[in-house]
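Notes for the one structure printed next.
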Amino acid sequence: MPKAFDVIVGGGDPSTSPDFPDGGAPKAVPKALDVIVGGGDPSTSPEFPDGRARQAASALNKATSSLGAVTTLQSFLATAGQLTEEERRMVVEQASVLIDGLYVHLPQKRARHAVDPVQRLKLLLHRLGGLSERGFQDEMISIFTELRDLHTNYLLPDPYRSKTAFLPFLLEEFFENGAAQYMVSKTYHGFAHATFQPGVVVTHWNGIPIGRAVDLNAERNAGSNEAARHARGLERLTIRPMLMSSPPDEEWVDVRYVADGKNLEVRFEWRIFEPTPAPGGVEPNAAERESARRLGIDVTAEVARRAKKMLFNKPAMDFERDAATAAVDQATQSTMPDVLSFRPVPTPSGTFGYIRIWTFDVEDVDGFLNEVIRILDLLPGNGLILDVRGNGGGIITAGELMLQLFTPRSIQPELFHFINAPLTLELTRSDASLKSWTDSIDEAVETGSEFSQGFALEPAEAYNSRGQRYTGPVLLITDALIYSTTDIFAAGFQDHNIGPILGTAANTGAGGANVWTLELLQQIMPGKNSPFRQMPSHTSFRVAVRRTTRVGPRAGMPLEDLGVTPDYVHQMTRNDLLLANVDLINEAGKKLAQLPVRRISPQVARTAGKVQVTVDTTNIYRLDVLLDGRPQLSLDVTDGTSNFELVGLAASAKTLELRGFDAGQLVASRRLDL
């Protein structure tokens, strides 16, 4: 294996987050600085005559065995090939077809960001011969990045597309006296360094003040709003999936930091590895599966999530591997450990339930929903925290169908629209699952409408088929890294007034679309006359084909670029980064404690022709009883136990529903299968 990092760092809290990296090397710095350095080649490093750098590199080589093949950036770049001019032409022409013919956000992006990707692609086609390979790839990346759309991407050829460049630590933002600072919150597992440890504050990055370095990197990322770009600029400082972005320009990074009041500096060399895919995730190119047509995901965020988990949370990776072959303790662990984690969380305001939803990238949506329901039954009923930070999305219906579990109100799903164009009309005529959209696209020639009529992805009854399963107050925690399906979930949470949203940033990632791959399009519209062609060297594309619009009080508003504004913003603290989000969780608990706790807890006994019901209620003052959706009884109740008996339909009814009211407002509901 090539030489690994020369300075290794250790620490972090592996119990709270499957996310984080590691490394180091030598450099000359001003004499005023105390310096902690490692050499590129330990045998020639004058800073380490006693062999400590050699020992560190050897230790890292051993530790990174769990990552598979790890290589230097220089060695990796030596394996990269080149596209011929004709292959480049194929790539650019295919990009033009997708952007000009299918891309649903093109009018909005032109207006909001003052860009013209169609013209830039025409110019690139004209200038192909004069560009180096790196110049061509950088221009393609830039054209798509300026769209500020993490759904619509140019996917780089082999060997870039499956690899991730990383440094051995995670850098996160916290606030002190209102000012942003940047802390090393996690380090590559299994190693320690004398001073570069979790908790040190980074001040400079390659000589640039760290805040400015984050801003510069943010502009290289395609976040839809300032908060989203900032969050991705920070994350990509140390974890850089190369699926759709260039490899680092620099072979190493010099980091200045403060530890114990001293200014220190260390050098880290970039390393390259291949993160493993999520177990149970969706195959986006499988035309035979409806799930491939229902994706809403920032694929780079998902790759980064897996990379951080492998690099910084070895216990979670070990548990994920063991859970695939052995039973887990279902009282404390999810059967889908890469997707969900949960626990009760004590706070000064009380003990509440807590569920972290890491991803919605689940092929088995029913299994996912059933696992959430199982977990809800294990958690305290007086309040629930749903934490979706860092969740880049997945199956759109997984997020939308989950909303019903937390509210008695009927869920109205978001609507999805195509752009009206000849190619989208041809596409909807080629796929039976899209036939609902065909007529309105066909009529656009007469109506002049820019977008098609909007339709939900599932029949209306599916969004309410399970009903409310948690009747206590619910709070949602968001950040600027959430995207797509998770944006749609957060919008639905807000639009249905399920509970307050507490954000660690002023906005979410603002992704509002259904994304399809080029490979999926090729299968839906095959043949020699298809506009979707086979690309060289596994080059490919993703494109937002259907945009979403919100419902309820914000009906008709696009989610793309605008995102979801939280009700409250919590600025992350030093304790949050080092002590499992303690201040964030306490703030969430404080807000939950201010909300009323509702409870409807029924027990049912069925005898010949009758249903006898005993129900315990809290903060419910009227109870309406329905069998198979038909009203049977309305009772005035108080806190405590009520008993009643149902006859007539009771003999054949399949479902019992109890609807609880307070001051004439529906506030809780429980549905039982009989």
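The values are calculated or read from the model by the stated rules, or taken from the named source; none is laboratory data. Please read all numbers here as calculations on a predicted model, not as lab measurements. Every residue, glycine among them, receives a Cβ derived from its backbone with ideal geometry; neighbour counts consider all protein chains shown. Remember, those area values only see protein heavy atoms, side chains included, never the ligands or the DNA or RNA. Shrake-Rupley method; radii C 1.70, N 1.55, O 1.52, S 1.80 Å.
Expressed as a rounded percentage, what relative contact order does the chain have, with Cα pairs under 8 Å and six or more residues apart?
Details: 1574 pairs, mean separation 99.7, N = 674.
Contact order relative to length: 15 percent.
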Give me the number: length gained by fully extending Arg533 to Gln603, i.e. 0.36 nm times residue separation minus the C-alpha to C-alpha distance, one decimal in nm. 19.2 nm
Note, the stretch 499-511: 3J(HN,Hα) by Karplus (6.51, -1.76, 1.60, θ = phi - 60°), whole Hz, Gly/Pro = x, goes x, x, 10, 10, x, 8, 9, 6, 7, 9, x, 6, x
Express the relative contact order of the stretch 98-148 as a whole percentage, based on alpha carbon pairs under 8 Å and six or more residues apart in sequence. 43 percent
To the nearest 500 deg cm²/dmol, what mean residue ellipticity at 222 nm is calculated for the chain from DSSP H runs of n ≥ 4 alone, each contributing -39,500 (n - 2.57), summed and divided by the residues? -8000 deg cm²/dmol
With θ set to phi - 60°, apply the Karplus curve 6.51 cos²θ - 1.76 cosθ + 1.60 along the stretch 471-476 and write out the HN-Hα couplings as whole Hz, x wherever there is a Gly or Pro. 9, x, x, 10, 10, 10
Quickly work out the Gln119-to-Thr325 label distance, labels modelled 7 Å from Cα along the C-beta direction, and quote it in nm with one decimal. 5.9 nm
Quotient of Cα Rg and 2.2 N^0.38 Å for the stretch 202-253, N being how many residues it contains: 1.09
Label zone at Asp662 (point 7 Å along Cα-to-Cβ), backbone N below 12 Å, the stretch 464-506: 471-474
May I ask you to derive the relative contact order of the stretch 535-642, considering only C-alpha pairs under 8 Å and at least 6 residues apart, and to give it as an integer percent? 13 percent
Between rounded, prolate and oblate, where does the chain land on the alpha carbon gyration tensor, with a ≥ b ≥ c its root eigenvalues, rounded for a/c under 1.5, else prolate if a/b exceeds b/c? oblate
Please go through the residue pairs Lys308/Lys591; Lys308/Lys528; Lys109/Lys435 and name each one whose alpha carbons sit more than 32 Å apart in this structure. Lys308/Lys528
Gyration tensor verdict on the stretch 324-466 (Cα atoms; rounded if a/c is under 1.5, prolate if a/b is larger than b/c, oblate otherwise): prolate
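Write down the accessible area per residue of the chain in Å², having rolled a 1.4 Å probe over the full set of protein chains. All intermediate terms of the calculation are to be shown ahead of the outcome.
Numbers: 26410 Å² over 674 residues.
On a per-residue basis, 39 Å².
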Accessible surface of the stretch 395-470 [probe 1.4 Å, protein heavy atoms]: carbon and sulfur percent: 47 percent
Taking protein heavy atoms only, a 1.4 Å probe, and rounding to whole percent, the accessible area of the stretch 525-596 owed to carbon and sulfur comes out at 51 percent
Counting only DSSP beta bridges with both residues in the chain, tell me the antiparallel percent, nearest 5. 85 percent
Could you give me the ³J(HN,Hα) list for the stretch 600-612, computed from phi with Karplus coefficients 6.51, -1.76, 1.60 and θ = phi - 60°, whole Hz, x at Gly and Pro? 10, 10, x, 10, 10, 10, 10, 10, 3, x, 9, 10, 9
If you wrap a convex hull around the Cα atoms of the stretch 227-266, how much volume per residue is inside, in Å³? 92 Å³
Relative to the present Cα-Cα distance, how much length would full extension add between Val258 and Ala180 at 0.36 nm per residue of separation? 26.6 nm
With the cut-off at 1.5 for a/c, could you classify the stretch 350-395 from its C-alpha gyration tensor as rounded, prolate or oblate? oblate
Compute the acute angle (0 to 90°) between the alpha-carbon long axis of helix 582-593 and the principal axis of greatest extent of the alpha-carbon atoms of the chain; round to the nearest 10°. 20 degrees
Within 10 Å, Cβ to Cβ, of Ala165, how many net charges do the neighbouring residues add up to if Lys/Arg are +1 and Asp/Glu are -1? +4
FRET efficiency for Glu446 and Thr84 from the Cβ-Cβ distance with R0 = 51 Å, rounded to 0.05, comes out at 0.70
Given R₀ = 22 Å, FRET efficiency for Thr335-Thr276 by Cβ-Cβ distance, to 0.05? 0.70
Can you tell me the FRET efficiency between Glu146 and Ala593 if r is taken as the Cβ-Cβ distance and R0 is 51 Å, rounded to the nearest 0.05? 0.65
Could you state the orientation-averaged shadow area of the convex hull built on the Cα atoms of the stretch 110-184, in nm² to one decimal? 8.3 nm²
Using a cut-off of 11 Å between beta-carbons, work out the net charge of the residues near Gly511 (Lys and Arg +1, Asp and Glu -1, Gly511 not included). -3
Quote to one decimal, in nm, the extra length available between Lys654 and Glu458 on full extension: 0.36 nm per residue of separation minus the C-alpha distance between them. 68.2 nm
